[in-house]
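Everything on this sheet refers to the single structure shown next.
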Amino acid sequence: MAVQDIMPTWVGATAKQIARGVRRGDVSATQVLADHLDHIAKADADLAAFRTVRGGEAVTEAEKVDEQEDLANLPLAGVPVAVKENTPVAGVPTWNGSATVRTTVAEADHEVVRRLRGAGAVILGVTRMPELGLWAVTDDDTAVTRNPWDLTRTPGGSSGGAAAAVAAGLVPIAHGNDGLGSIRIPAACCGLVGLKPGRGVVPCQLGAEDWFGLTEHGMLSTTVADAAVGFQVLAGRAQQKLVPPQRLRVGVSLRSPVRGVSADAPNRDAVAAAGRLLAAAGHDTVPADPVYPTALGLQGIATWFAAAAADVRAAGIERRSLQPRSRRHVALGEWALRRGYVREADRLAWRERSVGFFTDHSVDLLLTPALAAAPPPAASWSARSWQANMLASIRYAPYAAPWNVAGLPALVVPVGRRPDGLPLAVQLVGPPGSELLLLGVAGQFEMEAPWSRHAPGYPRVGTGLPGAVSP
(Lines give C-alpha, C1' and ligand atoms only; values in the text may rest on other atoms or scores of the structure.)
Protein backbone atom coordinates (compact mmCIF):
# COMPACT_ATOMS: atom_id res chain seq x y z
CA MET A 1 0.00 0.00 0.00
CA ALA A 2 1.40 3.39 -0.96
CA VAL A 3 1.92 5.97 1.79
CA GLN A 4 -0.58 8.32 0.14
CA ASP A 5 -3.25 5.61 0.41
CA ILE A 6 -2.96 5.43 4.19
CA MET A 7 -5.69 7.33 6.01
CA PRO A 8 -4.19 9.83 8.45
CA THR A 9 -4.98 9.06 12.07
CA TRP A 10 -4.15 10.33 15.51
CA VAL A 11 -4.05 6.81 16.91
CA GLY A 12 -0.51 6.14 18.09
CA ALA A 13 0.22 9.77 18.92
CA THR A 14 1.33 10.64 22.42
CA ALA A 15 -0.93 12.51 24.80
CA LYS A 16 1.32 15.56 24.50
CA GLN A 17 1.15 15.45 20.71
CA ILE A 18 -2.64 15.20 20.74
CA ALA A 19 -3.10 18.00 23.27
CA ARG A 20 -0.76 20.24 21.32
CA GLY A 21 -2.57 19.50 18.07
CA VAL A 22 -5.98 20.26 19.63
CA ARG A 23 -4.73 23.48 21.25
CA ARG A 24 -3.21 24.69 17.96
CA GLY A 25 -6.26 23.79 15.92
CA ASP A 26 -4.47 21.11 13.88
CA VAL A 27 -7.21 18.63 14.80
CA SER A 28 -10.47 18.62 16.72
CA ALA A 29 -11.04 16.62 19.86
CA THR A 30 -13.95 14.92 18.10
CA GLN A 31 -11.68 13.72 15.27
CA VAL A 32 -9.11 12.39 17.72
CA LEU A 33 -11.86 10.54 19.57
CA ALA A 34 -13.34 9.15 16.34
CA ASP A 35 -9.92 7.77 15.35
CA HIS A 36 -9.55 5.99 18.68
CA LEU A 37 -13.10 4.64 18.73
CA ASP A 38 -12.51 3.17 15.28
CA HIS A 39 -9.27 1.55 16.44
CA ILE A 40 -10.95 0.07 19.52
CA ALA A 41 -13.68 -1.42 17.36
CA LYS A 42 -11.00 -3.20 15.31
CA ALA A 43 -8.57 -4.26 18.02
CA ASP A 44 -10.26 -4.73 21.39
CA ALA A 45 -12.11 -7.91 20.47
CA ASP A 46 -8.75 -9.70 20.74
CA LEU A 47 -7.59 -7.86 23.86
CA ALA A 48 -10.69 -7.34 26.06
CA ALA A 49 -9.05 -4.26 27.57
CA PHE A 50 -12.29 -2.30 27.98
CA ARG A 51 -15.27 -3.12 30.16
CA THR A 52 -17.30 -0.22 28.75
CA VAL A 53 -16.65 2.20 25.89
CA ARG A 54 -18.54 5.47 26.30
CA GLY A 55 -19.13 6.12 22.61
CA GLY A 56 -21.95 8.68 22.53
CA GLU A 57 -21.13 10.25 25.89
CA ALA A 58 -17.48 10.62 24.94
CA VAL A 59 -18.42 12.29 21.64
CA THR A 60 -20.47 14.84 23.57
CA GLU A 61 -17.52 15.50 25.88
CA ALA A 62 -15.16 15.93 22.92
CA GLU A 63 -17.57 18.41 21.33
CA LYS A 64 -17.54 20.43 24.55
CA VAL A 65 -13.75 20.57 24.41
CA ASP A 66 -13.93 21.81 20.82
CA GLU A 67 -16.43 24.51 21.83
CA GLN A 68 -14.11 26.02 24.43
CA GLU A 69 -12.56 29.28 23.31
CA ASP A 70 -9.40 29.02 25.41
CA LEU A 71 -7.55 25.72 25.49
CA ALA A 72 -4.16 27.14 26.41
CA ASN A 73 -4.22 25.89 29.99
CA LEU A 74 -5.50 22.39 29.27
CA PRO A 75 -2.53 19.99 29.35
CA LEU A 76 -4.73 17.08 28.16
CA ALA A 77 -6.90 19.02 25.70
CA GLY A 78 -8.86 16.48 23.67
CA VAL A 79 -6.81 13.50 24.86
CA PRO A 80 -8.83 10.25 25.08
CA VAL A 81 -8.21 8.68 28.49
CA ALA A 82 -9.41 5.39 29.96
CA VAL A 83 -10.28 5.01 33.65
CA LYS A 84 -9.88 1.81 35.66
CA GLU A 85 -13.26 0.28 36.41
CA ASN A 86 -13.01 0.53 40.22
CA THR A 87 -12.94 4.34 40.07
CA PRO A 88 -16.31 6.11 39.77
CA VAL A 89 -17.11 7.79 36.47
CA ALA A 90 -20.43 9.65 36.41
CA GLY A 91 -23.04 7.77 34.42
CA VAL A 92 -21.21 4.42 34.45
CA PRO A 93 -21.48 1.48 36.89
CA THR A 94 -18.37 0.95 38.98
CA TRP A 95 -17.60 -2.66 38.14
CA ASN A 96 -14.73 -3.50 40.52
CA GLY A 97 -13.78 -6.50 38.42
CA SER A 98 -16.98 -8.53 38.08
CA ALA A 99 -20.75 -8.28 37.89
CA THR A 100 -20.97 -9.59 41.46
CA VAL A 101 -19.14 -6.61 42.95
CA ARG A 102 -20.43 -4.02 40.50
CA THR A 103 -22.08 -1.00 42.09
CA THR A 104 -24.85 1.14 40.67
CA VAL A 105 -24.28 3.91 38.14
CA ALA A 106 -22.09 6.57 39.70
CA GLU A 107 -23.75 9.93 40.21
CA ALA A 108 -20.48 11.84 40.32
CA ASP A 109 -16.90 11.50 39.16
CA HIS A 110 -14.14 10.45 41.52
CA GLU A 111 -11.77 13.33 42.26
CA VAL A 112 -9.06 11.99 39.95
CA VAL A 113 -11.59 11.71 37.11
CA ARG A 114 -12.71 15.26 37.82
CA ARG A 115 -9.09 16.41 37.55
CA LEU A 116 -8.61 14.59 34.26
CA ARG A 117 -11.70 16.24 32.82
CA GLY A 118 -10.56 19.59 34.18
CA ALA A 119 -7.32 19.17 32.22
CA GLY A 120 -9.31 18.69 29.00
CA ALA A 121 -9.26 14.88 28.81
CA VAL A 122 -12.15 12.98 27.22
CA ILE A 123 -13.12 9.89 29.25
CA LEU A 124 -13.37 7.25 26.53
CA GLY A 125 -14.33 4.30 28.74
CA VAL A 126 -13.42 2.09 31.68
CA THR A 127 -10.87 -0.72 31.59
CA ARG A 128 -11.03 -4.23 33.03
CA MET A 129 -9.47 -5.50 36.24
CA PRO A 130 -9.69 -8.76 38.25
CA GLU A 131 -12.39 -9.06 40.89
CA LEU A 132 -11.75 -6.61 43.75
CA GLY A 133 -8.35 -5.77 42.21
CA LEU A 134 -6.77 -8.69 44.06
CA TRP A 135 -4.67 -10.41 41.42
CA ALA A 136 -1.71 -9.81 39.11
CA VAL A 137 -3.73 -11.29 36.23
CA THR A 138 -6.87 -9.82 34.64
CA ASP A 139 -9.97 -11.86 33.75
CA ASP A 140 -13.48 -12.79 34.83
CA ASP A 141 -16.18 -15.12 33.57
CA THR A 142 -16.95 -12.79 30.65
CA ALA A 143 -13.47 -12.29 29.20
CA VAL A 144 -9.75 -12.85 29.54
CA THR A 145 -7.73 -9.67 29.05
CA ARG A 146 -4.64 -10.28 26.90
CA ASN A 147 -1.21 -8.74 26.49
CA PRO A 148 -0.77 -7.02 23.09
CA TRP A 149 2.87 -8.16 23.01
CA ASP A 150 1.75 -11.81 23.12
CA LEU A 151 -1.94 -12.67 23.21
CA THR A 152 -1.18 -15.89 25.08
CA ARG A 153 0.14 -13.88 28.06
CA THR A 154 -1.55 -11.75 30.70
CA PRO A 155 -1.04 -7.98 30.70
CA GLY A 156 -0.73 -8.25 34.47
CA GLY A 157 -3.05 -6.88 37.11
CA SER A 158 -4.86 -5.39 38.57
CA SER A 159 -4.69 -2.48 36.08
CA GLY A 160 -4.38 -5.06 33.30
CA GLY A 161 -7.00 -3.58 31.00
CA ALA A 162 -5.42 -0.14 31.27
CA ALA A 163 -1.98 -1.48 30.35
CA ALA A 164 -3.30 -3.52 27.42
CA ALA A 165 -5.19 -0.49 26.11
CA VAL A 166 -2.14 1.77 26.17
CA ALA A 167 0.29 -0.82 24.78
CA ALA A 168 -2.06 -1.40 21.83
CA GLY A 169 -2.66 2.31 21.20
CA LEU A 170 -6.36 2.13 22.10
CA VAL A 171 -5.70 5.23 24.22
CA PRO A 172 -2.49 7.25 24.57
CA ILE A 173 -2.59 7.15 28.39
CA ALA A 174 -4.76 5.39 30.96
CA HIS A 175 -5.57 5.77 34.62
CA GLY A 176 -4.79 2.96 37.03
CA ASN A 177 -4.33 2.42 40.74
CA ASP A 178 -1.76 0.50 42.70
CA GLY A 179 -2.37 -1.28 46.02
CA LEU A 180 0.45 -3.85 45.91
CA GLY A 181 1.89 -3.18 42.46
CA SER A 182 -1.22 -2.86 40.31
CA ILE A 183 0.19 -0.08 38.10
CA ARG A 184 3.82 -1.15 38.03
CA ILE A 185 3.24 -4.87 37.36
CA PRO A 186 1.07 -4.28 34.25
CA ALA A 187 3.44 -1.55 33.08
CA ALA A 188 6.33 -4.02 33.26
CA CYS A 189 4.31 -6.72 31.48
CA CYS A 190 3.35 -4.38 28.64
CA GLY A 191 6.47 -2.24 28.14
CA LEU A 192 5.06 0.98 29.62
CA VAL A 193 6.00 3.69 32.08
CA GLY A 194 4.05 3.30 35.32
CA LEU A 195 4.41 5.56 38.36
CA LYS A 196 2.96 4.87 41.80
CA PRO A 197 3.05 8.22 43.64
CA GLY A 198 3.94 8.42 47.30
CA ARG A 199 1.30 8.35 49.99
CA GLY A 200 -1.00 11.36 50.10
CA VAL A 201 0.21 12.96 46.87
CA VAL A 202 -2.97 12.07 44.92
CA PRO A 203 -6.39 11.70 46.62
CA CYS A 204 -7.25 8.00 46.86
CA GLN A 205 -10.78 7.51 48.27
CA LEU A 206 -11.26 3.91 47.14
CA GLY A 207 -13.14 1.14 48.89
CA ALA A 208 -13.43 0.95 52.65
CA GLU A 209 -10.03 2.24 53.74
CA ASP A 210 -7.87 2.67 50.61
CA TRP A 211 -6.50 -0.80 51.38
CA PHE A 212 -5.30 0.51 54.76
CA GLY A 213 -3.48 3.35 53.03
CA LEU A 214 -1.62 1.17 50.52
CA THR A 215 -3.45 2.26 47.36
CA GLU A 216 -2.49 5.18 45.09
CA HIS A 217 -3.83 6.46 41.77
CA GLY A 218 -1.51 6.94 38.81
CA MET A 219 -1.19 6.76 35.03
CA LEU A 220 0.22 4.32 32.49
CA SER A 221 1.85 5.77 29.38
CA THR A 222 4.21 5.04 26.51
CA THR A 223 6.54 7.98 27.19
CA VAL A 224 8.03 9.64 30.24
CA ALA A 225 6.72 13.04 29.09
CA ASP A 226 3.15 11.69 29.09
CA ALA A 227 3.73 10.09 32.49
CA ALA A 228 4.85 13.45 33.87
CA VAL A 229 1.82 15.29 32.46
CA GLY A 230 -0.58 12.67 33.81
CA PHE A 231 1.02 12.61 37.25
CA GLN A 232 0.91 16.38 37.63
CA VAL A 233 -2.75 16.48 36.56
CA LEU A 234 -3.72 13.82 39.12
CA ALA A 235 -1.66 15.53 41.82
CA GLY A 236 -3.35 18.87 41.10
CA ARG A 237 -0.06 20.56 40.30
CA ALA A 238 0.89 23.16 37.71
CA GLN A 239 2.71 21.57 34.79
CA GLN A 240 6.45 21.58 35.35
CA LYS A 241 8.98 20.54 32.73
CA LEU A 242 11.20 17.63 33.69
CA VAL A 243 14.83 18.51 34.23
CA PRO A 244 17.52 15.83 33.78
CA PRO A 245 18.87 15.22 37.28
CA GLN A 246 22.47 15.92 38.15
CA ARG A 247 24.80 13.19 39.36
CA LEU A 248 22.99 10.76 41.64
CA ARG A 249 24.05 7.81 43.73
CA VAL A 250 21.74 4.87 43.06
CA GLY A 251 21.59 1.72 45.14
CA VAL A 252 21.18 -1.51 43.16
CA SER A 253 19.56 -4.62 44.60
CA LEU A 254 18.44 -7.96 43.20
CA ARG A 255 17.29 -9.16 46.61
CA SER A 256 13.71 -10.40 46.57
CA PRO A 257 11.21 -9.42 49.28
CA VAL A 258 9.82 -12.98 49.11
CA ARG A 259 11.98 -15.87 50.29
CA GLY A 260 12.36 -18.57 47.67
CA VAL A 261 11.43 -16.25 44.78
CA SER A 262 14.19 -14.52 42.83
CA ALA A 263 14.59 -12.72 39.53
CA ASP A 264 15.29 -14.89 36.48
CA ALA A 265 18.23 -14.26 34.15
CA PRO A 266 16.44 -11.81 31.79
CA ASN A 267 15.26 -9.67 34.71
CA ARG A 268 18.74 -9.70 36.27
CA ASP A 269 20.13 -8.67 32.89
CA ALA A 270 17.62 -5.81 32.78
CA VAL A 271 18.95 -4.47 36.08
CA ALA A 272 22.51 -4.70 34.73
CA ALA A 273 21.44 -2.84 31.58
CA ALA A 274 19.77 -0.18 33.70
CA GLY A 275 22.97 0.22 35.68
CA ARG A 276 24.85 0.89 32.44
CA LEU A 277 22.24 3.45 31.41
CA LEU A 278 22.63 5.20 34.76
CA ALA A 279 26.40 5.31 34.29
CA ALA A 280 25.98 6.68 30.76
CA ALA A 281 23.80 9.46 32.21
CA GLY A 282 26.55 10.35 34.70
CA HIS A 283 25.22 8.64 37.82
CA ASP A 284 26.97 6.31 40.25
CA THR A 285 25.66 2.88 41.23
CA VAL A 286 26.48 0.92 44.36
CA PRO A 287 25.21 -2.39 45.80
CA ALA A 288 22.58 -1.66 48.45
CA ASP A 289 20.14 -4.30 49.63
CA PRO A 290 17.05 -3.33 51.63
CA VAL A 291 16.53 -5.61 54.61
CA TYR A 292 13.08 -7.09 54.06
CA PRO A 293 12.07 -8.54 57.43
CA THR A 294 10.04 -11.73 57.47
CA ALA A 295 7.34 -9.82 59.30
CA LEU A 296 6.99 -7.48 56.33
CA GLY A 297 5.95 -10.33 54.06
CA LEU A 298 3.45 -11.59 56.59
CA GLN A 299 2.16 -8.07 57.21
CA GLY A 300 1.80 -7.38 53.49
CA ILE A 301 -0.04 -10.63 52.83
CA ALA A 302 -2.30 -10.17 55.86
CA THR A 303 -3.14 -6.65 54.66
CA TRP A 304 -3.85 -7.98 51.16
CA PHE A 305 -6.34 -10.42 52.68
CA ALA A 306 -7.84 -7.91 55.08
CA ALA A 307 -8.28 -5.18 52.47
CA ALA A 308 -10.51 -7.49 50.45
CA ALA A 309 -12.54 -8.39 53.54
CA ALA A 310 -12.98 -4.75 54.50
CA ASP A 311 -14.12 -3.78 51.00
CA VAL A 312 -16.62 -6.65 50.83
CA ARG A 313 -17.97 -5.86 54.29
CA ALA A 314 -18.36 -2.14 53.50
CA ALA A 315 -20.15 -2.88 50.22
CA GLY A 316 -22.50 -5.42 51.81
CA ILE A 317 -21.45 -8.17 49.39
CA GLU A 318 -22.23 -11.79 50.23
CA ARG A 319 -18.96 -13.70 50.33
CA ARG A 320 -20.50 -16.79 48.73
CA SER A 321 -21.34 -14.76 45.60
CA LEU A 322 -17.67 -14.10 44.84
CA GLN A 323 -15.36 -16.04 42.56
CA PRO A 324 -13.77 -19.02 44.39
CA ARG A 325 -10.35 -17.35 44.47
CA SER A 326 -11.79 -14.14 45.95
CA ARG A 327 -14.04 -16.01 48.38
CA ARG A 328 -11.09 -17.73 50.00
CA HIS A 329 -9.09 -14.50 50.03
CA VAL A 330 -11.87 -12.64 51.84
CA ALA A 331 -12.29 -15.45 54.36
CA LEU A 332 -8.59 -15.24 55.19
CA GLY A 333 -8.94 -11.48 55.47
CA GLU A 334 -11.70 -11.80 58.02
CA TRP A 335 -9.52 -14.22 59.98
CA ALA A 336 -6.55 -11.81 59.82
CA LEU A 337 -8.68 -8.95 61.09
CA ARG A 338 -10.04 -11.03 63.99
CA ARG A 339 -6.53 -12.08 64.98
CA GLY A 340 -5.22 -8.51 64.87
CA TYR A 341 -2.58 -9.25 62.22
CA VAL A 342 -3.13 -5.96 60.38
CA ARG A 343 -1.47 -3.26 62.44
CA GLU A 344 -0.71 0.33 61.53
CA ALA A 345 2.32 0.23 63.83
CA ASP A 346 3.91 -2.43 61.61
CA ARG A 347 3.33 -0.35 58.49
CA LEU A 348 4.78 2.73 60.14
CA ALA A 349 7.85 0.78 61.27
CA TRP A 350 8.53 -0.40 57.72
CA ARG A 351 8.01 3.11 56.35
CA GLU A 352 10.54 4.48 58.86
CA ARG A 353 13.03 1.76 57.94
CA SER A 354 12.47 2.38 54.22
CA VAL A 355 12.97 6.11 54.48
CA GLY A 356 16.08 5.46 56.55
CA PHE A 357 17.46 3.15 53.85
CA PHE A 358 18.36 6.13 51.66
CA THR A 359 20.30 7.94 54.37
CA ASP A 360 21.83 4.76 55.82
CA HIS A 361 23.25 3.80 52.41
CA SER A 362 23.86 7.38 51.22
CA VAL A 363 21.83 6.78 48.05
CA ASP A 364 19.28 8.96 46.28
CA LEU A 365 17.28 6.14 44.66
CA LEU A 366 17.00 2.36 44.65
CA LEU A 367 17.04 0.20 41.50
CA THR A 368 15.45 -3.28 41.58
CA PRO A 369 13.93 -5.73 39.10
CA ALA A 370 10.35 -4.96 38.18
CA LEU A 371 9.37 -8.62 37.82
CA ALA A 372 10.92 -11.96 38.71
CA ALA A 373 9.71 -13.89 35.64
CA ALA A 374 7.71 -13.61 32.44
CA PRO A 375 3.99 -12.77 32.73
CA PRO A 376 1.81 -15.87 33.30
CA PRO A 377 -0.49 -17.20 30.59
CA ALA A 378 -3.67 -15.33 29.72
CA ALA A 379 -6.29 -17.74 31.02
CA SER A 380 -9.49 -18.07 33.01
CA TRP A 381 -7.75 -17.61 36.33
CA SER A 382 -11.08 -16.65 37.91
CA ALA A 383 -12.14 -20.30 37.60
CA ARG A 384 -8.95 -21.58 39.19
CA SER A 385 -8.19 -22.03 42.86
CA TRP A 386 -7.10 -19.38 45.30
CA GLN A 387 -3.77 -21.17 45.70
CA ALA A 388 -3.10 -21.16 41.96
CA ASN A 389 -3.79 -17.42 41.74
CA MET A 390 -1.70 -16.64 44.82
CA LEU A 391 1.31 -18.59 43.62
CA ALA A 392 1.12 -17.19 40.09
CA SER A 393 0.97 -13.60 41.35
CA ILE A 394 3.73 -13.91 43.94
CA ARG A 395 6.14 -15.96 41.83
CA TYR A 396 6.39 -13.48 38.99
CA ALA A 397 5.75 -10.15 40.73
CA PRO A 398 7.25 -9.96 44.25
CA TYR A 399 9.14 -6.66 43.98
CA ALA A 400 6.37 -4.04 44.05
CA ALA A 401 4.44 -4.57 47.28
CA PRO A 402 6.96 -3.37 49.92
CA TRP A 403 6.80 0.18 48.59
CA ASN A 404 3.02 0.34 48.98
CA VAL A 405 3.41 -0.68 52.61
CA ALA A 406 6.10 2.00 53.01
CA GLY A 407 4.10 4.60 51.05
CA LEU A 408 7.13 5.56 48.93
CA PRO A 409 7.00 6.59 45.27
CA ALA A 410 8.09 3.90 42.82
CA LEU A 411 8.27 3.78 39.04
CA VAL A 412 8.64 1.10 36.37
CA VAL A 413 10.45 1.91 33.13
CA PRO A 414 11.07 -0.37 30.09
CA VAL A 415 14.59 -1.72 29.54
CA GLY A 416 14.96 -4.09 26.58
CA ARG A 417 13.16 -7.34 25.85
CA ARG A 418 13.17 -10.93 26.98
CA PRO A 419 14.48 -13.62 24.58
CA ASP A 420 10.84 -14.41 23.72
CA GLY A 421 10.24 -10.78 22.70
CA LEU A 422 8.19 -9.70 25.73
CA PRO A 423 9.21 -6.40 27.35
CA LEU A 424 11.65 -6.14 30.23
CA ALA A 425 11.55 -3.41 32.84
CA VAL A 426 13.15 -2.24 36.06
CA GLN A 427 11.79 -0.51 39.15
CA LEU A 428 13.11 2.73 40.64
CA VAL A 429 12.14 3.63 44.22
CA GLY A 430 12.69 6.99 45.89
CA PRO A 431 12.17 8.74 49.22
CA PRO A 432 9.01 10.78 49.88
CA GLY A 433 8.50 13.58 47.37
CA SER A 434 10.78 12.13 44.67
CA GLU A 435 8.17 11.56 41.94
CA LEU A 436 9.64 14.11 39.52
CA LEU A 437 13.16 12.88 40.25
CA LEU A 438 12.11 9.33 39.36
CA LEU A 439 10.53 10.60 36.14
CA GLY A 440 13.65 12.61 35.35
CA VAL A 441 15.84 9.52 35.61
CA ALA A 442 13.35 7.53 33.53
CA GLY A 443 13.60 10.27 30.92
CA GLN A 444 17.36 9.72 30.80
CA PHE A 445 16.74 6.01 30.22
CA GLU A 446 14.38 6.90 27.39
CA MET A 447 16.96 9.23 25.84
CA GLU A 448 19.78 6.70 26.04
CA ALA A 449 17.78 3.60 25.03
CA PRO A 450 14.38 4.41 23.46
CA TRP A 451 11.84 1.60 23.62
CA SER A 452 9.06 0.51 21.28
CA ARG A 453 6.09 2.57 22.38
CA HIS A 454 3.52 0.00 21.27
CA ALA A 455 3.44 -3.76 20.93
CA PRO A 456 4.40 -5.12 17.49
CA GLY A 457 1.46 -4.97 15.10
CA TYR A 458 -0.25 -2.14 17.00
CA PRO A 459 -1.84 0.30 16.42
CA ARG A 460 -3.72 -1.63 13.72
CA VAL A 461 -4.30 1.43 11.55
CA GLY A 462 -2.42 3.49 8.99
CA THR A 463 0.49 5.59 10.14
CA GLY A 464 -0.03 8.85 8.27
CA LEU A 465 -0.07 10.80 11.52
CA PRO A 466 -0.84 14.46 10.76
CA GLY A 467 0.23 15.51 14.24
CA ALA A 468 3.69 13.94 14.24
CA VAL A 469 5.29 16.74 16.23
CA SER A 470 7.98 16.18 18.80
CA PRO A 471 6.60 15.44 22.28
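The values are calculated or read from the model by the stated rules, or taken from the named source; none is laboratory data. These numbers come from a predicted model, not from an experiment. Here Cβ is always computed from backbone atoms with ideal geometry, including for glycine, and neighbour counts include all displayed protein chains. Only protein heavy atoms, including side chains, enter the accessible area calculation; ligands, DNA and RNA are left aside. Shrake-Rupley method; radii C 1.70, N 1.55, O 1.52, S 1.80 Å.
Would you work out which of P88, W386, G133 lies farthest towards the positive end of the dipole of the chain? Charges go on Cβ: Lys and Arg +1, Asp and Glu -1.
W386
Search the structure for amide H atoms under 5 Å from the amide H of M219, placed 1.01 Å from N in the peptide plane, and list their residues when 5 or more places away or on another chain.
Here the answer is G176, L195, since their amide H atoms fall under 5 Å of that of M219.
Of all the Cα-Cα pairs you can form in the chain, what percent are over 39 Å apart?
15 percent
Counting only protein heavy atoms and using a 1.4 Å probe, what share of the accessible area of the chain belongs to carbon plus sulfur, as a whole percent? Could you put the intermediate results ahead of the total?
Values: 9130 of 17690 Å².
Carbon-and-sulfur percentage of accessible area, whole number: 52.
Which is the longest stretch in the chain that no exposed loop site breaks, taking sites as GluC sites (Glu not before Pro) with a DSSP loop state and at most 10 other Cβ atoms within 10 Å? Walk me through the numbers on the way to the answer.
Working: sites that count: E69, E107, E318.
Within the chain, the longest run free of exposed GluC sites (Glu not before Pro) spans 108-317.
Taking only the alpha-carbon positions of region 185-317 and ignoring solvent, what does the Debye formula give for the base-10 log of I(q)/I(0) at q = 0.10, 0.11 Å⁻¹?
Each listed q maps to, in turn, -0.49, -0.59.
Please state the equivalent ellipsoid semi-axes for region 323-438: what are the square roots of 5 times the Cα gyration tensor eigenvalues, largest first, in whole Å?
Result for region 323-438: semi-axes of 28, 25, 9 Å.
Solvent-accessible area per residue for the chain at a 1.4 Å probe radius, Å²?
Accessible area per residue, the chain: 38 Å².
Checking the table K196/K241; K42/K196; K64/K241; K42/K84; K42/K241 against a 24 Å threshold on Cα-Cα, which pairs fail? Spell out each step's value before the answer.
Details: K196/K241 19 Å; K42/K196 31 Å; K64/K241 28 Å; K42/K84 21 Å; K42/K241 36 Å.
From K196/K241; K42/K196; K64/K241; K42/K84; K42/K241, over 24 Å: K42/K196; K64/K241; K42/K241.
Compute the Kirkwood hydrodynamic radius of region 154-223, taking the inverse of the mean of 1/r over all pairs of distinct Cα atoms, and give it in Å to one decimal. Walk me through the intermediate numbers first.
Details: mean 1/r = 0.0850 Å⁻¹.
Taking the inverse mean of 1/r over all distinct Cα pairs, region 154-223 comes out at 11.8 Å.
Please compute P(r) over all alpha-carbon pairs of region 15-78, binned at 10 Å starting from zero, and give each bin as a whole-number percent.
Spelled out per bin, shortest first, that is 22, 47, 25, 5.
Show me the helices of the chain, taken as full DSSP H stretches, that run 27 Å or more along their long axis by Cα and average -0.5 or above in Kyte-Doolittle hydropathy.
On the way: long enough: 294-315 (32 Å, 0.94).
Once both thresholds are applied, what remains is 294-315.
Given charges of +1 on the Cβ of Lys and Arg and -1 on the Cβ of Asp and Glu, with all other atoms neutral, how large is the dipole of the chain about its Cα centre, in debye to the nearest 20?
1140 debye
Where both residues lie in region 1-127, what percent of DSSP beta bridges are antiparallel, nearest 5? Don't skip to the end; give the middle numbers.
Working: 4 of 9 bridges.
So the antiparallel bridges in region 1-127 amount to around 45 percent.
Suppose we flag trypsin sites (Lys or Arg not before Pro) only when DSSP calls them loop and at most 11 other Cβ atoms lie within 10 Å. Which is the longest uninterrupted stretch of the chain?
1-240
For region 1-108, just the Cα set please: Rg and Dmax, both in angstrom.
When restricted to Cα atoms, region 1-108 yields Rg and Dmax of 15.8, 50 Å.
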